[in-house]
Amino acid sequence: MDALVSFIDGEFVPLRFKYEELLLAGWSGRSREEVLAHIEELRRIGVPPPEKVPSFFRVSPNLLTTSRELGVLGSRNNGEVEYVIFIEDGEPRYVTVGSDHTDRDVERMDILLSKHLYPKVIPPVVWPYEEVEDHWDDLILRMEVDGVLSQQSKMGALLRAEDLIERAGLKRNAVLFSGSIPWLDGSMRFGREYRIEVEDPVLGRKIAYSYVTREA
């Protein structure tokens, strides 16, 4: 994975990150109430509740992409905003934002299969983890669907990176999606254009990225 590391002093440094695993977390909120709310969101579209929380899904590493266009089948698929951690030897090194684009009809039958059907989108820009570690909970995740703000929450709503890494048992180089936050209106939104963003209000910067879906 080729990316640029964006430092607080404005410098950009090329990064070629070699990873062996791509892991997607789910139901990873710190608040039991918010986890239950997300389970309820999924239950309303027919997705069975998880056996344990958080849950982890290993998918093919080649699903990670910076593409701005995804080919999709039908309209019952969408993204969800998450933080994404680049892990070296079991330690968090870089952070960015991502979208775990998922087929919701297939998800009702087989969650792991649904995770494999579409790429997982990230921007080609990351921040050093050490630059945000001391104010991690203040970072803000948000997503717009077709221009409508649909998800927004501070990162403090989700388990911290170190906790997820430990629970997943990751020791090698890996990319980890955090699991998502609740939808603002309590129900999922489907659309064509997705804009994902992580904001650092303490250091006054953002990483934002947009992609569109095209029906095959």
So, restricting to strands (runs of 3 or more DSSP E) that lie completely within region 1-65, which ones have at least 3 residues that are in contact (Cβ under 8 Å) with a residue 40 or more places away in the chain?
2-6, 21-26, 55-59
Taking LYS206, is it assigned to a strand (DSSP E or B), surrounded by fewer than 20 Cβ atoms within 10 Å (Cβ to Cβ) and either at positive phi or not small (Gly, Ala, Ser) (or both)?
yes
Given the conditions (1) part of a loop (DSSP other than H, G, I, E, B); (2) at pLDDT below 95; (3) of a type in the set (Val, Ile, Thr), report the number of the one that VAL106 does not fulfil.
(1)
Restricting the first residue to region 134-153 and requiring it to be on the phi > 0 side of the Ramachandran plot and in a loop (DSSP other than H, G, I, E, B), which pairs with a second residue that is among the small types (Gly, Ala, Ser) and surrounded by 13 or more Cβ atoms within 10 Å (Cβ to Cβ) meet a Cβ separation below 7 Å and a spacing of at least six or different chains?
ASP146/GLY191
Going residue by residue through region 122-130, is there one that turns out to be within 19 Å of PHE7 (Cα to Cα), of a type in the set (Phe, Trp, Tyr) and in contact (Cβ under 8 Å) with a residue 60 or more places away in the chain?
yes
Being under 19 Å from THR65 (Cα atoms), among the hydrophobic types (A, V, I, L, M, F, W, C) and touching a Gly at 6+ places or on another chain (Cβ under 8 Å) is the filter here; which residues of region 146-181 pass it?
PHE177
Test each condition in (1) surrounded by 19 or more Cβ atoms within 10 Å (Cβ to Cβ); (2) modelled with pLDDT of 75 or more for LEU42 and report the one that comes out false.
(2)
Any residue in region 99-117 that is surrounded by fewer than 22 Cβ atoms within 10 Å (Cβ to Cβ) and under 28 Å from ARG16 (Cβ atoms)?
yes
Of the residues in region 167-183, those that are in contact with a helix residue (DSSP H, G or I) (Cβ under 9 Å, 6 or more places away or on another chain) and small (Gly, Ala, Ser) come to ALA174, SER178, GLY179, SER180
Region 187-203, subset part of a strand (DSSP E or B) and in contact (Cβ under 8 Å) with a residue 60 or more places away in the chain, residue farthest from LEU141 (Cα to Cα):
TYR194
So which of ARG32, ARG76 is over 28 Å from ASP138 (Cα atoms) and of a type in the set (Lys, Arg)?
ARG76
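The values are calculated or read from the model by the stated rules, or taken from the named source; none is laboratory data. Since we're looking at a predicted model, the values are computed, not measured. Because the Cβ atoms are built from the backbone with ideal geometry, glycine has one as well, and the counts that use them run over all protein chains shown.
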